[in-house]
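The values are calculated or read from the model by the stated rules, or taken from the named source; none is laboratory data. As the structure is a computational prediction, the values presented were derived from the model and not from experiment. Because the Cβ atoms are built from the backbone with ideal geometry, glycine has one as well, and the counts that use them run over all protein chains shown.
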Amino acid sequence: MNKKVLDNPQVTDNRNYDYSGFEEIERPEYDIISGFVAQNSSVVDLGCGNGTLLQKLQREKNCTGKGIELSPSAVEVCLKKHLDVLNSRIDTPSTFEANSFDYAICNVTIQMVMYPEVLLTEMKRIAKKQIISFPNFAYYKNRIDILLNGVMPRPQLFGYSWYNTGHIHQLSLIDFQHLLEKVGGLKVVSQYFVSTDSGWKNFLMKLFPNLFQPITIFLLEKIDE
């Protein structure tokens with residue numbers, strides 16, 4: 001369910017989810033996600049793409065894990081890596097039993113599914129903790145783009161346009177907080193972002209997250225009900 005290589009100039013449409021030739025791609029938030037995950041945990045990676053994150057968690061954290069991925073080419077890549085991955089959607093009820101995993105992970109994909117609220121509800125059901133990251137559509141460059149140019153902002157579309165992107169449910173940090181309230185039964189344990197070499201930029205991202213964080217990573221935990 002993930003994306004191809006979003007900064008590759010040869011990619012013109014990220015609705016195709018074609019991972020052929022993109023077997024090993026690490027994203028900057030992978031280290032943060034890995035830091036959230038405890039050793040020897042069980043994880044499910046929802047929208048696992050080429051399986052790089054799942055493989056990283058198995059290698060570095062000795063995790064047992066499964067993946068769910070919509071793209072047939074991505075599933076093929078994962079199977080070549082000997083990963084346990086199912087070809088399926090992630091925004092419909094799954095066959096996993098309640099509390100099957102320690103962590104349910106959805107990395108930079110919630111904005112690409114038809115039913116984000118179903119995805120989050122299902123993550124709550126099948127795992128004790130949830131890790132979700134997404135591009136923050138309220139990022140200041142987006143705001144400037146729409147203010148000055150009067151068009152659908154492109155900075156958080158990673159070079160795509162409104163008509164050829166798989167980002168169908170753009171959201172901000174505040175929007176995500178509202179979704180948490182609607183779904184209920186989850187609390188924010190930690191919120192993090194990919195830091196830069198600039199202390200000033202990092203300061204602004206901490207002080208005004210909804211304005212300056214381009215991508216945010218949330219660690220959630222199920223509340224006993």
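Data overview
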{"read-out": "Failed condition for Asp45, given (1) in a helix (DSSP H, G or I); (2) surrounded by 18 or more Cβ atoms within 10 Å (Cβ to Cβ)", "value": "(1)"}
{"read-out": "Candidates Arg89, Arg125, filtered to the one that is among the basic types (Lys, Arg) and closer than 27 Å to Trp162 by Cβ", "value": "Arg89"}
{"read-out": "Out of Leu204, Leu186, Leu220, sole residue that is surrounded by fewer than 19 Cβ atoms within 10 Å (Cβ to Cβ) and either farther than 30 Å from Tyr103 by Cα or among the hydrophobic types (A, V, I, L, M, F, W, C) (or both)", "value": "Leu204"}
{"read-out": "Residue check, Asn14 at pLDDT 95 or above, assigned to a loop (DSSP other than H, G, I, E, B) and not aromatic (Phe, Trp, Tyr)", "value": "no"}
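One line per residue, one yes/no per condition, for (1) out of contact with any Gly (no Cβ under 8 Å at 6 or more places or on another chain); (2) more than 17 Å from Asn40 (Cα to Cα); (3) crowded, with 22+ Cβ neighbours inside 10 Å; (4) modelled with pLDDT of 95 or more:
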{"residue": "Glu60", "(1), (2), (3), (4)": "yes, no, no, yes"}
{"residue": "Gly67", "(1), (2), (3), (4)": "no, no, yes, yes"}
{"residue": "Pro72", "(1), (2), (3), (4)": "yes, yes, no, no"}
{"residue": "Val77", "(1), (2), (3), (4)": "no, yes, yes, no"}
{"residue": "Val85", "(1), (2), (3), (4)": "no, yes, yes, yes"}
{"residue": "Pro93", "(1), (2), (3), (4)": "yes, yes, no, no"}
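Yes or no, residue by residue, for (1) touching a residue at least 12 places away in the same chain (Cβ under 8 Å); (2) over 30 Å from Ser41 (Cα atoms); (3) buried (at least 20 other Cβ atoms within 10 Å of the Cβ); (4) out of contact with any helix residue (DSSP H, G or I) (no Cβ under 7 Å at 6 or more places or on another chain):
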position	(1), (2), (3), (4)
Glu122	yes, no, yes, yes
Ala127	yes, no, yes, yes
Leu148	no, yes, no, yes
Met152	no, yes, no, yes
Thr165	yes, yes, yes, no
Ile168	yes, yes, no, no
Glu181	no, no, no, yes
Thr196	no, no, no, no
